[in-house]
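S.K.: Can you read through this structure? Questions will come right after.
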Amino acid sequence: MKVLLIGSGGREHALAAALNRDPKLEELHVAPGNPGISEIALCHQLDIKDNNAILSLAQSLKVDLVVVGPEVPLVNGVADVLAKAKIPCFGPSKAAAQLEGSKDFAKQVMRDAGVPTAKSYTCNSKEEIEKALDAFGAPYVVKHDGLAAGKGVVVTDDRAHALEHALQSSQVVIEEFLDGPEVSLFGISDGHYVLPMQPAQDFKRAFDGDLGPNTGGMGAYSPLPWAPDEIIEETLSQVLNPTVQEMAARGTPFVGLLYAGLALTSHGTRVIEFNARFGDPETQVLLPRLNSPLAQLLLAAATGKLKEFGDLNWSDESAVTVVLASQGYPAAPASGEPIMGIKPNDHSFVFHAGTAIRDGILHSAGGRVLTITGIGSDLTEARDAAYRTISQISLAGSHYRSDIALNASVAEKGN
Ligand code: AMP
């Protein structure tokens with residue numbers, strides 16, 4: 001198989017590494033990729049917002065499959081352009097990507113499919129916003145309707161801040177606050193049939209103890225020793241299957257990765273959000289644990305043959321990933337600093353997220369710079385491996401959380 005992967009972050013580095021492990025993979029091309037990815041695949045420069053550039057590259061390389069990492073090309077309709085040219089694509093059509101592209105659309109689908117989620121109001125005026133804020137009370141949850149690169153959601157006790165955030169977007173969804181731990185559970189869908197992956201948990205706040213601003217994600221781990229055994233089956237039957245069936249019934253089948261962000265509340269599981277692609281950094285802990293051949297899996301999904309693929313096969317090992325972020329991330333990330341001391345080993349992977357080569361030297365080139373995944377027989381071992389590797393890396397002003405998977409690893413040891 002020849003595969004073209006679109007994207008340039010830590011998620012794509014993890015996807016590239018897992019695709020490479022598939023014995024059927026012959027050639028892996030990544031556009032645009034990054035310095036880490038270029039060590040394991042052929043990278044091609046292009047603008048990921050340019051659907052025709054992606055199509056031309058896929059055609060000239062004669063690939064069997066295109067895998068789309070980030071949401072922007074999906075919401076731009078790259079899957080539709082590839083479908084017209086009969087090139088299998090793992091990633092939903094523009095219409096189906098609206099599950100991520102519009103919070104209001106996702107709410108409508110969940111309502112029609114009977115999927116449990118937070119009660120919400122979609123508001124288009126200051127009057128409606130104020131009414132909705134007062135109907136739910138604090139903590140206020142305000143979501144901009146469209147794609148916002150992780151900056152669209154504010155959860156706050158401060159009504160004035162909630163109102164100010166709401167007024168920055170022409171349409172917002174205001175919803176009830178959901179308490180309880182959050183879990184990310186991904187389903188691979190061929191439009192009709194869904195294979196659930198294992199659950200993971202990510203850490204959205206910038207600093208230890210879940211303090212500081214929301215980020216794109218500062219770390220993740222999998223599996224979740226504390227999660228109820230039935231979480232996968234329950235999410236499949238209550239969330240993933242009904243959503244995929246509803247999208248098919250609407251004539252816009254969802255082909256690709258359906259990311260369910262869940263809150264395990266005292267009243268049961270509720271969907272916090274859908275994404276239409278692999279999560280970052282959850283992918284960096286899930287894929288190192290996946291034994292099933294990824295290229296064949298994603299091709300089966302892209303060509304409507306997932307049922308024949310069989311269940312996914314997972315390693316029993318645990319994985320913990322820790323994001324090394326640049327100084328000032330997330331508000332005002334510095335870049336252009338040299339990175340030294342990357343020494344991956346048998347128990348850890350260093351996935352590049354925001355890096356660039358300048359004058360032959362690796363430099364930071366974004367907010368999240370590296371994602372370091374440790375593997376071990378339990379979360380404690382996986383944490384040790386990740387933190388051992390990250391502590392050897394030097395990047396001026398950088399920061400990382402020291403408590404990724406800490407509570408879960410302590411609880412696991414206690415059992
Ligand atoms: P989202 O982009 O929708 O995942 O939201 C980002 C983060 O905001 C989530 O991971 C949650 O931590 C938080 N969040 C979103 N919606 C809610 C909600 N209804 N209740 C509590 N927290 C929420």
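S.K.: Quick check on the stretch 46-138: take the gyration tensor over C-alpha atoms, sort the square-rooted eigenvalues as a ≥ b ≥ c, and tell me if it's rounded (a/c under 1.5), prolate or oblate. All intermediate terms of the calculation are to be shown ahead of the outcome.
M.R.: Working: a/c = 4.09, a/b = 2.64, b/c = 1.55.
Since a/c reaches 1.5 and a/b is larger than b/c, the shape of the stretch 46-138 is classed as prolate.
S.K.: Additional query: Sort largest first and round to whole Å: the equivalent ellipsoid semi-axes of the stretch 225-384, each the square root of five times a Cα gyration tensor eigenvalue.
M.R.: Values: eigenvalues 213, 76, 66 Å².
Ellipsoid semi-axes (Å, largest first): 33, 20, 18.
S.K.: If each DSSP helix of 4+ residues adds -39,500 (n - 2.57) and the sum is divided by the residues in the chain, what number results at 222 nm, nearest 500 deg cm²/dmol? Walk me through the intermediate numbers first.
M.R.: On the way: 14 runs with 117 residues, N = 415.
Mean residue ellipticity at 222 nm (helix-derived): -7500 deg cm²/dmol.
S.K.: With every protein chain present, what is the per residue accessible area of the stretch 1-86 (1.4 Å probe, Å²)?
M.R.: On the way: 3480 Å² over 86 residues.
Per-residue accessible area for the stretch 1-86 comes out at 41 Å².
S.K.: Report the semi-axes of the equivalent ellipsoid for the chain in whole Å, largest first, where each axis is √(5λ) for an eigenvalue λ of the Cα gyration tensor.
M.R.: Numbers: eigenvalues 177, 142, 99 Å².
Working from the Cα gyration tensor, I get semi-axes of 30, 27, 22 Å.
S.K.: Show which lysines lie in cross-link reach of Lys24 when reach means a straight Cα distance below 28 angstrom and same-chain residues fewer than eight apart are skipped.
M.R.: Lys2, Lys62, Lys84, Lys86, Lys305, Lys307
S.K.: In addition: How large a share of the accessible area of the chain, in percent, is made up of carbon and sulfur atoms when the probe is 1.4 Å and the other protein chains stay in place? Present the calculation step by step, with values, prior to reporting the outcome.
M.R.: Details: 8310 of 16840 Å².
Solvent-exposed carbon and sulfur of the chain make up 49 percent of the total.
S.K.: Once you have the Cα-Cα distance between Ser56 and Ser377, take 0.36 nm times their residue separation minus that, and quote the gain in nm to one decimal. Can you show the working numbers first?
M.R.: On the way: separation 321, 0.36 × 321 = 115.56 nm, distance 4.42 nm.
Length gained between Ser56 and Ser377: 111.1 nm.
S.K.: Averaged per residue, what accessible area in Å² does the stretch 96-136 show with a 1.4 Å probe, protein chains only? Could you put the intermediate results ahead of the total?
M.R.: Working: 1980 Å² over 41 residues.
So the stretch 96-136 comes to 48 Å² accessible per residue, rounded to a whole number.
S.K.: Still on this model: If the reach is capped at under 18 angstrom between alpha carbons, list the lysines near Lys131, excluding any in the same chain fewer than eight residues apart.
M.R.: Answer for Lys131, where 18 Å is the Cα cut-off: Lys119, Lys143, listed by chain and number.
S.K.: Now for a separate question. Could you rank Val75, Val155, Val369 by how accessible they are, 1.4 Å probe, largest area first?
M.R.: Descending accessible area places them as Val155, Val75, Val369.
S.K.: Would you tell me the accessible area of Tyr387, worked out with a 1.4 angstrom probe on the heavy atoms of the protein chains, in Å² to the nearest 10?
M.R.: 40
S.K.: Any number yet on Rg/Rh for the stretch 121-224, C-alpha, Kirkwood? Write out the running numbers ahead of the final one.
M.R.: Details: Rg = 16.0 Å, Rh = 15.5 Å.
Reported Rg/Rh (Cα atoms, Kirkwood Rh): 1.03.
S.K.: In addition: With the contact rule set at Cα under 8 Å and sequence spacing of 6 or more, what percent relative contact order holds for the stretch 305-401? Mind dumping the intermediate values first?
M.R.: Values: 203 pairs, mean separation 37.1, N = 97.
Contact order relative to length: 38 percent.
S.K.: Rounded, prolate or oblate, given the Cα gyration tensor of the stretch 162-210, with a/c below 1.5 counting as rounded? Don't skip to the answer; put the middle values down first.
M.R.: Values: a/c = 2.77, a/b = 1.43, b/c = 1.93.
It comes out oblate by the Cα gyration axes.
S.K.: Between the alpha-carbon centers of the stretch 356-385 and the stretch 159-220, tell me the distance in whole angstrom.
M.R.: Value for the Cα centre distance between the two parts: 23 Å.
S.K.: Which value, in Å², gives the accessible area per residue of the stretch 165-268 when a 1.4 Å probe is used on the protein heavy atoms?
M.R.: Details: 3840 Å² over 104 residues.
I get 37 Å² per residue for the stretch 165-268.
S.K.: Another one. Rounded to two decimal places and with Rh computed the Kirkwood way over Cα pairs, what is Rg over Rh for the stretch 96-135?
M.R.: On the way: Rg = 11.6 Å, Rh = 11.2 Å.
For the stretch 96-135, the value is 1.04.
S.K.: To make sure I understand the rule: partners must be lysines, Cα under 25 Å from the Cα of Lys413, and not fewer than 8 residues away in the same chain. Which ones qualify?
M.R.: Cross-link targets: Lys204.
The values are calculated or read from the model by the stated rules, or taken from the named source; none is laboratory data. As the structure is a prediction and not an experimental result, all values here were calculated from the model. The accessibility values were calculated without ligands, DNA or RNA, using every heavy atom of the protein model including side chains. Shrake-Rupley method; radii C 1.70, N 1.55, O 1.52, S 1.80 Å.
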